[in-house]
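Encoded as C-alpha cells, the structure appears first; notes follow it.
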Amino acid sequence: MKTTLLLVNTLLAQFPGPAPLPHPQLPPPESVDLPPPWWIPWAAALLLVLLIAIIVWLLVRPKHLPPAPLRQPWSAAFRALNDLRTRAQAIPPQDMGHRVSQVLRRYLQERYAVPAPSRTTHEIFDGRPERLPGVPIPRTQGLWRERFEPVAHLCDDISFMPAPRTQEESTVLIDQALARMQEEKP
C-alpha cells in the first residue's frame, strides 16, 4: 500500500498545477457571478401574466346592475284601485267585489307578509300558534294586528257581502277601499 501511494505521488508531481487561463485579463472562475436560479424568470413571467389577467377581468367583467327598486305595496294597490275605478263601467258589478278584495289582499300579503289572499281574518289571527290561551301576545305582534286587522276585515266584508248590483254600488265599494287605503298610507 505504501508503494502505491508513493507511485501516485510521483505521478502527480510530474503534472504541473492548474493550467493558466487562456487569456490573462479574464477573471478567475471563482469570482464570476452565476445566473439566477431557473425558477426566478418563470415566477416573474407568471406574476406578470396574473397581473394582466386581473386587469383584463376587471375591465371585461359584467357590471353589477343596480338593485331593482323595492316594490311599494301601498302605491301599487292604490294605482290598481284607481284603475278599477276608471274601468268600473267595463267591469260587471258582480265581479267588482272580488277584484277589489283581491287587490286589498295582495296589498296585505306584500306589506305584512301574511297569506292574506287565501285566508280569512279569523284564520290569520286565531289560527296562529302564538295565539294560545293564557299566552300573552308579544307587543310587536299586537301592533301588527292592530295595524293589519281593520284592512283585513274590510277584505272579508267585501268578499262576503252581497255582490254589487249596479255600477254606482261598484264605485262606492271602490271608494270605500280607497278611503281605507288612505288610512293605511305609510
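The values are calculated or read from the model by the stated rules, or taken from the named source; none is laboratory data. All values derive from a computational prediction rather than experimental measurement. Neighbour counts are summed over all protein chains in view; Cβ atoms, including those assigned to glycine, are modelled from backbone coordinates with ideal geometry. All accessible areas refer to the heavy atoms of the entire protein, side chains included, with ligands and DNA or RNA removed. Shrake-Rupley method; radii C 1.70, N 1.55, O 1.52, S 1.80 Å.
Between the beta carbons of VAL172 and SER75, assuming R0 = 30 Å, the FRET efficiency works out to 0.85 to the nearest 0.05. Placing a pseudo-label 7 Å from each Cα along the Cα-to-Cβ vector at GLN14 and ARG165 gives an inter-label distance of 14.2 nm.
Taking all protein chains into account, the per residue accessible area for the range 57-111 stands at 71 Å² (1.4 Å probe).
What does the charge count near SER170 come to, summing +1 for each Lys or Arg and -1 for each Asp or Glu among other residues with Cβ under 14 Å from its Cβ? Kindly include the intermediate steps, with their values, before the conclusion.
Details: positive: ARG85, ARG87, ARG99, ARG165; negative: ASP83, ASP95, GLU168, GLU169, ASP175.
With Lys, Arg at +1 and Asp, Glu at -1, the net is -1.
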